[in-house]
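Structure record follows, encoded as structure tokens.
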Amino acid sequence: MLAGILALVFLSRRPVKVESVKEIKTKDKNDFLMGVRHIGEIVPVEFIRDGMYVSGGKYCCMARIEGTNFSVMSESQQNAQESALIGILNRIDFPVQFITTSVVADTAHMARVVASTAKNMPEGNLKTYAALYASALDAMRTEKQILAQHSYIILTDDGADPVAALKEKMKILYELLRPAGVMLTPLTSEADVMDVFASILMPEVIIRPSEMLEAGSTEELHVNAKELVAGAV
């Protein structure tokens with residue numbers, strides 16, 4: 001007990017070092033850099049073309065799955081559909097990974113269309129209603145009022161010609177699933193694939209990577225030497 005009191009007295013009498021402004025800036029900068037991570041660390045993939053990418057040494061491609069709504073089917077119809085799907089899956093002789101994620105329903109495009117139409121309307125109740133409707137649609141997205149579930153499949157290949165092999169696998173799946181009422185839509189752009197990754201890794205973020213790409217986030221950024229020096233201080 002006595003030792004503890006003496007230690008507190010000793011520590012309270014130690015001179016307190018006052019950090020200079022430069023030291024504080026350097027510390028803040030180092031703390032910031034420690035928290036910065038390259039996008040490759042978060043999503044460790046390398047995009048090739050047509051939405052295909054390499055991950056873990058394997059070539060991969062992704063497709064969205066849309067099918068029949070089981071909630072509107074009778075029990076016998078559900079059983080028949082399930083049996084058909086099980087039979088189809090048993091015929092597939094290559095790995096297929098299934099992913100389901102919840103995403104915020106994108107009402108932004110429709111909100112822009114309604115808002116643009118409202119601007120060209122004559123003054124009156126209809127114009128006021130259209131403007132309010134556009135605001136409500138935009139709020140649905142920003143406040144995450146409506147969520148939707150999307151399902152995807154991922155195919156992989158590490159053979160001699162993985163690009164051709166993946167296209168062939170996707171074709172086989174498409175032809176097998178179509179008679180069962182399951183539609184397969186391959187994701188053929190980097191932006192579409194990144195949107196899926198974002199919905200899985202950052203479901204709370206509303207802005208999609210595809211929107212950032214459209215805004216020019218991958219364009220070159222030009223700075224001069226003075227700006228670099230000023231930013232480093």
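Quote the convex hull volume per residue of segment 85-159, based on C-alpha atoms, as a whole number of Å³.
Residue-normalised Cα hull volume stands at 153 Å³.
What FRET efficiency do you get for Met73 and Ala148 if R0 is 25 Å and r is their Cβ-Cβ distance, rounded to the nearest 0.05?
Plugging the Cβ-Cβ distance into 1/(1 + (r/R0)^6) gives 0.80.
Working out 0.36 nm times the residue gap between Ser116 and Met212, then minus their Cα-Cα distance, what length gain in nm do you get to one decimal?
Stretched fully, the Ser116-Met212 segment lengthens by 32.4 nm.
Only counting other Cβ atoms within 10 Å, I'd like Val54, Val193 sorted with the fewest neighbours first.
Lowest to highest Cβ neighbour count: Val54, Val193.
Would you kindly derive the ³J(HN,Hα) couplings of segment 79-95 from the backbone phi angles with the Karplus curve 6.51 cos²θ - 1.76 cosθ + 1.60 (θ = phi - 60°), listing them in order in whole Hz, with x for Gly and Pro?
5, 5, 5, 5, 4, 5, 5, 4, x, 5, 5, 5, 8, 7, 10, 9, x
Bear in mind these aren't lab numbers, they're just calculated from the coordinates by the rules spelled out. Here the structure is a predicted model, which means the values were calculated and not measured. Counting neighbours? That spans all protein chains shown, and the Cβs are built from the backbone with ideal geometry, glycine included.
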